[in-house]
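Visitor: Below is the structure I would like to discuss, written out as structure tokens.
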Amino acid sequence: YYAYDSFDLGFTSTPVYEWVEIDPLLGGNASVFLDPDDASKVIDLPFTFRFYGRDFDQITICTNGWISMGATDMVDFYNHYIPAALGPSSLIAGYWDDLKGLPLGYDEDNNQIFDNIRILYWHDTANNRFIVQWNDAYNQYNLTSLEKFQIILYPKGDDDGDILVQYHTIDNPGMT
């Protein structure tokens, strides 16, 4: 794998930023996975995706900003260097952090309660890609920091697939 960003000019693989809105509330066609905190969901891929020479037919989507090839019940939110002993195998970390839904207040035991993070996934058949999008995700370290981003998988037959990570709205409150 090679990593390119939009500042790597002069390469044929330099990505062009083009946000693909898939949220049905904003005109998209995605399926919706709602959870306020620390959850993962296994999704069957509509195609086989090759990742580091291994073929996968499923991914796990986690509320904490990552996907993993294959099925796992992990929900790790504490980001480490990659690869690391902690965290899921075959990790693709779009924004690996302790993400939560919108803070709503406190319960009777003074525990903070959160609304759901909107995680969306959609197979764009016209462009042969699978898109996972995080909406309404707030960073635990700054609950005013709204995060919105996507991981897009492009299968390439017998070759490793392409992965595009796009950021709509992000902050990095852990760096302050």
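Visitor: State which residue is most open to solvent (accessible area, probe 1.4 Å) when the search covers only segment 77-126 and only residues that are modelled with pLDDT of 85 or more and of a type in the set (S, T, Y).
Guide: The selected residue is Y106.
Visitor: Sort out for me the strands (runs of 3 or more DSSP E) sitting completely within segment 100-176 that have 1 or more residues that are of a type in the set (A, V, I, L, M, F, W, C) and within 23 Å of V42 (Cβ to Cβ).
Guide: Because the criterion is at least 1 residues that are of a type in the set (A, V, I, L, M, F, W, C) and within 23 Å of V42 (Cβ to Cβ), the strands (runs of 3 or more DSSP E) in segment 100-176 that meet it are 112-114, 117-124, 129-139, 142-156, 159-169.
Visitor: A follow-up question, please. If you go through segment 2-15 one residue at a time, do you hit one that is among the charged types (D, E, K, R), under 25 Å from H123 (Cβ atoms) and modelled with pLDDT of 80 or more?
Guide: No.
Visitor: Determine which member of the set N128, N139, N116 is on the phi > 0 side of the Ramachandran plot and touching a Pro at 6+ places or on another chain (Cβ under 8 Å).
Guide: Details: N139 fails: on the phi > 0 side of the Ramachandran plot; N116 fails: on the phi > 0 side of the Ramachandran plot.
When all the criteria are applied, what remains is N128.
Visitor: Name the residues in segment 145-163 that are touching a residue at least 60 places away in the same chain (Cβ under 8 Å) and buried (at least 18 other Cβ atoms within 10 Å of the Cβ), would you?
Guide: E147, F149, Q150, I151, I152, L153, P155, G161
Matching residues to (1) touching a residue at least 40 places away in the same chain (Cβ under 8 Å); (2) at negative phi; (3) open to solvent by 20 Å² or more (accessible area, probe 1.4 Å); (4) among the β-branched types (V, I, T):
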position	(1), (2), (3), (4)
D8	no, yes, yes, no
F11	no, yes, yes, no
G27	no, no, yes, no
S31	yes, yes, yes, no
P36	yes, yes, yes, no
P46	yes, yes, yes, no
I61	yes, yes, no, yes
S68	no, yes, no, no
V75	no, yes, yes, yes
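Visitor: Those residues that are exposed (fewer than 12 other Cβ atoms within 10 Å of the Cβ) and farther than 14 Å from H168 by Cα, I need them from segment 13-24; list them, please.
Guide: Within segment 13-24, just S13 meets the criteria.
Visitor: Out of all the residues in segment 117-132, which are within 16 Å of D97 (Cα to Cα) and in contact with an Asp or Glu (Cβ under 7 Å, 6 or more places away or on another chain)?
Guide: Of everything in segment 117-132, those that are within 16 Å of D97 (Cα to Cα) and in contact with an Asp or Glu (Cβ under 7 Å, 6 or more places away or on another chain) turn out to be I117, R118.
Visitor: Residue check, G87 against (1) within 15 Å of D38 (Cβ to Cβ); (2) touching a residue at least 24 places away in the same chain (Cβ under 8 Å), all met but one. Which one?
Guide: (2)
Visitor: Turning to a different aspect of this structure: What about N142, is it surrounded by fewer than 19 Cβ atoms within 10 Å (Cβ to Cβ) and either more than 25 Å from E18 (Cβ to Cβ) or under 15 Å from the mean Cα position of the chain (by Cα) (or both)? If you could, list the steps in order and put the result at the bottom.
Guide: On the way: surrounded by fewer than 19 Cβ atoms within 10 Å (Cβ to Cβ): yes; either more than 25 Å from E18 (Cβ to Cβ) or under 15 Å from the mean Cα position of the chain (by Cα) (or both): yes.
Yes.
The values are calculated or read from the model by the stated rules, or taken from the named source; none is laboratory data. It should be emphasised that the depicted structure is a prediction, and the values quoted were computed from it without experimental measurement. All Cβ positions, even for glycine, are placed from backbone atoms using ideal geometry, and neighbour counts span all protein chains on display. Surface accessibility is based on the protein's heavy atoms, side chains included, excluding ligands, DNA and RNA. Shrake-Rupley method; radii C 1.70, N 1.55, O 1.52, S 1.80 Å.
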